[in-house]
Amino acid sequence: MRVTLDHFLVIVHFIGLALGFSSGFGNMVLAGLIAKAPANEKAILARVPPALGRLGVIGLVLLWASGVMIVMTRYGGFAILPRPFIYKLIAVVLLTLTVIYINVLQPRAQRGDAAAMTRIQTLGRLSGPLSLLAVIFAVITFG
């Protein structure tokens, strides 16, 4: 079997998806652990979410790069793609904006800004459904 550019791009896309989802679910689990942890453990546990978040950003970059390349090499552009793909793209753009804002807030939260941390937690809860919508509409679009 010969591995084509399309195979390679789809593999990269799935790796990006895995990194993004593992980051999101990992941070969701950690949020619960941090909330219930004794005070002396909270600071140690609080170091993990930013690291997982960086993995999620890497995943999102891989998804964008491979996704655009897949559309261009398979379909020659975005114009031919059906309406569910547009919904997928809207979810991905909103997810990307959410992740960017979380990364803007992260340094403030690490310095102890409670309002920034609250916003990050709220945005984190939004990122899961946006990710799921993107996957659902990708499946509807591409089968």
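The values are calculated or read from the model by the stated rules, or taken from the named source; none is laboratory data. Because the structure is predicted, anything quoted here is derived from the model rather than measured. Cβ coordinates were reconstructed from backbone atoms using ideal geometry, including for glycine residues, and neighbour counts include every protein chain displayed.
Structure above, values below:
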item: Any hit, the stretch 75-93, residues being outside any helix (DSSP H, G or I) and in contact (Cβ under 8 Å) with a residue 24 or more places away in the chain; result: yes
item: Pair list, Cβ < 7 Å and 6+ apart or interchain, from the stretch 24-47 residues that are more than 28 Å from Leu95 (Cα to Cα) and of a type in the set (A, V, I, L, M) to residues that are modelled with pLDDT of 90 or more and surrounded by 13 or more Cβ atoms within 10 Å (Cβ to Cβ); result: Ala37/Leu45
item: Residue selected from the stretch 99-143 under the condition basic (Lys, Arg) and part of a helix (DSSP H, G or I), by the criterion surrounded by the fewest Cβ atoms within 10 Å (Cβ to Cβ); result: Arg125
item: Long-range neighbours under 8 Å by Cβ, at least six apart or interchain, first residue surrounded by 13 or more Cβ atoms within 10 Å (Cβ to Cβ) within the stretch 1-21, second among the β-branched types (Val, Ile, Thr) and at pLDDT 95 or above; result: Leu9/Ile70; Leu9/Thr73; Val10/Ile70; His13/Ile70; Gly16/Ile58; Gly16/Val61; Leu17/Val135; Leu19/Ile58
item: Members of the stretch 85-143 found to be of a type in the set (Ser, Thr, Tyr) and within 27 Å of Val68 (Cβ to Cβ), listed by number; result: Tyr87, Thr96, Thr98, Tyr101, Ser127, Ser131, Thr141
